[in-house]
Every structure is written in C-alpha cells, then in structure tokens.
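Peer 1: Below is a structure I'd like to ask you about.
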There are 2 protein chains.
Amino acid sequence: MSRIAPAMKTAITEKPRRRTQEERSEAMRKRLLAATLESLAEDGYAGSTLSSIVRRAGVSRGAQVHHYPSKQALLLDASEDLLKRTYRRLGTLLLSISEEDNRLQALVDACWEQMFATPLYRAYCELVAASQRDEELAQALGAMLRRVMALFEPAANYYFETSGTKLRPADMFLQLSCLLSGLGLQATLLSKPVIRSQLDGWVRQASPILRARKGITSPPPRPASWDRVLETVG
Amino acid sequence: MSRIAPAMKTAITEKPRRRTQEERSEAMRKRLLAATLESLAEDGYAGSTLSSIVRRAGVSRGAQVHHYPSKQALLLDASEDLLKRTYRRLGTLLLSISEEDNRLQALVDACWEQMFATPLYRAYCELVAASQRDEELAQALGAMLRRVMALFEPAANYYFETSGTKLRPADMFLQLSCLLSGLGLQATLLSKPVIRSQLDGWVRQASPILRARKGITSPPPRPASWDRVLETVG
DNA sequence: TCATTTACATACAGTCTGGACTGTATCATA
DNA sequence: TATGATACAGTCCAGACTGTATGTAAATGA
C-alpha cells in the first residue's frame, strides 16, 4: 500500500525522485524566511504571528516549529537572511552603476529604488523598532549594519573621490544612507515630489565635492567578508 | 456614610474642594496620553496594550474605556498629543538658539538631543511603522508632518540664508530632518562617534552655503497654525 | 530490510488582549 | 433635593498567540 501513493504522485508531478532530507529542510527554511520577511514588511512586527507566517509560506505549524523552536529563532534567522539579501542587492547595484553616465545620480536613484523604497527596507524598519526591546535582535542588527558598512566603505572609496573637503567618499555615503533611511521610514507620509527633491538636492550638493573616478569600470576589490557571507546562501 | 469618606480625604489632602468634571476629565486624559506615549517609546507599538497603558497611568480599565471607546481612538489622540509636544519643543528650541554663537551647530545639536534622540521620537517611529497598516493613523501623521514642516519652513528662512546654491534654507533643513530621522531610527545600533561625526559632517558641509542672518534675535513671525495648535493644549 | 532519525502534521494548554458589560460614586441642574 | 449625566471601577468572554506534546510518513544507514 505504501507503494501506491508514490506511484500516483509520480504520475502527477512527472518527477518521481523524492528529495533528500537536506533539500527538504533547505527548501522549507527558505520558504519560511521569505514568508517572514514578507510578513514583516506587510503585516509589521506585531502582525507577524507564527500562524500568519506559516499561512503565508503555505506550510504547517509543525514544519515551522521543527526548524525554528521559537519565534525568536525564526526572526533572528530572518534578520540574517535580510543581511544576505541586502549584500546581494548592494553588489548588483554597485556593478550596475559602474557603466552609468552620471554615476552619482545613478547611484542615489538606484539605492533609493532598489534598497530603501522596498518591502525589504520596511521589514528592516520593523526589526530595528523591535530591536529596541530585544537585546539579541539589536546585537544581530548592529553586526549586520557594521558588515554592510564595511562592504560599502571600500567600494565607495574605490569608485569615488572627494575634493575640497575633509570628508572621504565613505563619509558622504554614510550621510546618504542616513538620509535615505529617514526618507524611507517616512516615505508613505511624504509626497513624491518632496522625496524626489531631496534625492536631487543631495546629488546637487554633493556633486561639487564628490565625483566618480574616471575609467573605473571594473568591480572594486571585494572585502573577504563579501564572499564569506554569501557562501552560505546557496 | 457618604459624608464620611470625603471628610477623611479632606483631612489628608488639605484641599477639600472637589475638582469639577471638566478638570477631572482633562487630568485623566492627560495621564492616559502621557502614559500612552511613554508606553509607545518603551514598550513599542505591539507592547502598548491597554492593560499596560492603564497600569502605567495608574488608572483603571474603566477610566480608559470611558474617555476612549477604542484603542484606536486613544492612539489617534496620542498622535495629536505628540504633535503638540513636538510643536512646543520646536518652539522653545528655536528661541533658545537665537542667541547662540554658532547657530547652525547649536541648532543641529539641539534638534538632535531635544527632538530626535528622545523617547518621544521613538514613539513617533513606532507610530510611523504602525501607520503603514493603518490608514487613519497615516492620515493623522501625514497631516502632523505637514504642519510641523509648515512651522519650521518660515522659521528656517527667517533665521538663515543660503548662498551659492539653488536650495533655500528650508530645503537644507528638510534634508537635515531626514538625516536626523535616519540617525534617530538607528541610534541604538550606531556608535556614538559615528553619530557625532555625522552631525558635525552635515554642519561642516552646510556651513559654506548656509549661514544665520546677522542681528536676528527676535522670534520669527509665527504662522497662524502655531497658536491654533497650541491653544487647545491648556 | 529493518531500526533509527528526520521532516512534517495536528491537537491542545496556558496566557494575554480588547471590547462589552455591570455597578457605583460624584457632578450639574432644574 | 431629585434626577439625569458623567467619571470611574471591576469583571467577563471570545478570540488569538506561542509553546508543547503527540502522531505519522519519509529518509537514512547498517
């Protein structure tokens, strides 16, 4: 009898091969993490209940509890996943602007649209807010921030140079990131023209002292942490 | 028998006069609103349950339900209260820096310490995050933002002037507010030196093109909305 | 092939929340 | 001072959430 069911499934899925335990686990974790980040962005931290997450992931409550014994564990891993996604986005973003005409404007626009005006950033905001009352989460997010900054800093100094100021490109871009954070936080409360004018305003203000180095089109020297982080993504 | 209890209270408080209904209501509302904002800042939006709020306010569940039929109503009124407090802080802040030596630095520092690195701003962050899923709250906060900006804009253009840029002082300060928002959001995740350097970095960058007008020590022309908002504070 | 581990499913227990509801004391006023 | 309105207190309840305990099927390894 235990032979029949698999045979039927084979007929339907056309793929009789059953996945290995590891594959199953990984796929399940991925679904749970994606659903968690989605839920954080859409339903907020408070609205992200385990029930809603597993419903969104289309799995059972038991699957979640098997892979993550507590809600805290799931959220911590989701933070880690958020970091990895951010790394990858930042990487492709930096590569994509390396051939742009007006690199500064392109970088600002791309950062805004692909990193801060996104559901992923909303999820980040929720986690940051929650980290105010969760020491463990605060640790994780703090480490995450430092790692992203450590990646971005050399890249910024590689692609750009400053003149007539004591600030290095990395300092300028850290300012930009704070600006974008603030804009992103209140994006839904501000009008589009205001946001647009803030983005352009920063570019206009930064252009005289911050410019892209000429002839740099190859990717920057990647810090070791870059690959180290990504290697576990699979 | 109903005579005795009041008499005893009189002996204790030394003030036999019973408050009028209106006084009682107002005092109770004030306690509830203060407790709500406190709770938002400390316990977060999710942690701000009605039970915790009334416990913090030291009143009964019945008192809260009498003045605010729903949690939503309480939070909306708390948002309004947040606006009023912000108005007042901004007002005293603007007055306090009018006699400072380095007005720009003083303004930035004061804004940071008295407005963004405060529990009140944490409460604001919680409300903004929650407003993502609450249209009514979003409306209220949006209106609040616009009103604060409407107050700040003429004041900025009154105290300061720009040169060598198309941006007006108000645009610069809007940028500053976004920067401070972003810093404030992640304040607990960033190191103090990073924050300090960002504040100073903005001042250094803005100084060449933004300076305080000479000899302006009197308060700016207040917009009508200023008094209109404050008159209900009592 | 069989025992053991892993992956997942379901049911349940205990806690908490928000809103409804009831009761009581105080105030305003005619 | 009688009467209705207001201010507050305390309790109850239906629903939701998390963690746990238990059951089953699939995969792994000997």
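Peer 1: Return only the number of the condition from (1) within 20 Å of A:A206 (Cα to Cα); (2) within 10 Å of chain B (Cβ to nearest Cβ); (3) of a type in the set (A, V, I, L, M, F, W, C); (4) open to solvent by less than 30 Å² (accessible area, probe 1.4 Å) that A:M149 does not satisfy.
Peer 2: (4)
Peer 1: If you scan the range A:43-96, which residues turn out to be away from DNA strand C (no atom under 11 Å from the Cβ), touching a residue at least 12 places away in the same chain (Cβ under 8 Å) and farther than 21 Å from A:M144 by Cβ?
Peer 2: A:S52, A:R56, A:L95, A:S96
Peer 1: With the condition kept exactly as written, say whether any residue in the range B:40-50 is within 11 Å of DNA strand D (Cβ to nearest atom), outside the structural domain of B:L145 (by TED's automatic domain parsing), modelled with pLDDT of 90 or more and not in a helix (DSSP H, G or I).
Peer 2: The answer is yes; a qualifying residue exists.
Peer 1: Sort out which residues of the range B:164-212 are facing another protein chain (nearest Cβ under 8 Å), among the charged types (D, E, K, R), assigned to a helix (DSSP H, G or I) and surrounded by fewer than 19 Cβ atoms within 10 Å (Cβ to Cβ), and write them in order of number.
Peer 2: The one that is facing another protein chain (nearest Cβ under 8 Å), among the charged types (D, E, K, R), assigned to a helix (DSSP H, G or I) and surrounded by fewer than 19 Cβ atoms within 10 Å (Cβ to Cβ): B:R204.
Peer 1: Next question, about the same structure. Taking the range A:53-81, which residues are within 14 Å of another protein chain (Cβ to nearest Cβ) and buried (at least 16 other Cβ atoms within 10 Å of the Cβ)?
Peer 2: Of everything in the range A:53-81, those that are within 14 Å of another protein chain (Cβ to nearest Cβ) and buried (at least 16 other Cβ atoms within 10 Å of the Cβ) turn out to be A:L75, A:S79.
Peer 1: Further question: Only one of these conditions is not met by B:R222: (1) part of a helix (DSSP H, G or I); (2) modelled with pLDDT under 85; (3) not hydroxyl-bearing (S, T, Y). Which number is it?
Peer 2: (1)
Peer 1: If I filter the range A:24-34 for residues that are closer than 23 Å to B:G47 by Cα, touching a helix residue (DSSP H, G or I) at 6+ places or on another chain (Cβ under 8 Å) and open to solvent by less than 70 Å² (accessible area, probe 1.4 Å), do I get at least one hit?
Peer 2: Step one: filter the range A:24-34 for residues closer than 23 Å to B:G47 by Cα, giving none.
No, the range A:24-34 contains no residue that is closer than 23 Å to B:G47 by Cα, touching a helix residue (DSSP H, G or I) at 6+ places or on another chain (Cβ under 8 Å) and open to solvent by less than 70 Å² (accessible area, probe 1.4 Å).
The values are calculated or read from the model by the stated rules, or taken from the named source; none is laboratory data. Keep in mind it's a predicted model, so treat the numbers as computed, not measured. A quick note on method: Cβ atoms are made from the backbone with ideal geometry, for glycine too, and the neighbour counts reach across all protein chains shown. To get the accessible areas, we keep the full protein, side chains included, count just its heavy atoms, and leave off ligands, DNA and RNA. Shrake-Rupley method; radii C 1.70, N 1.55, O 1.52, S 1.80 Å.
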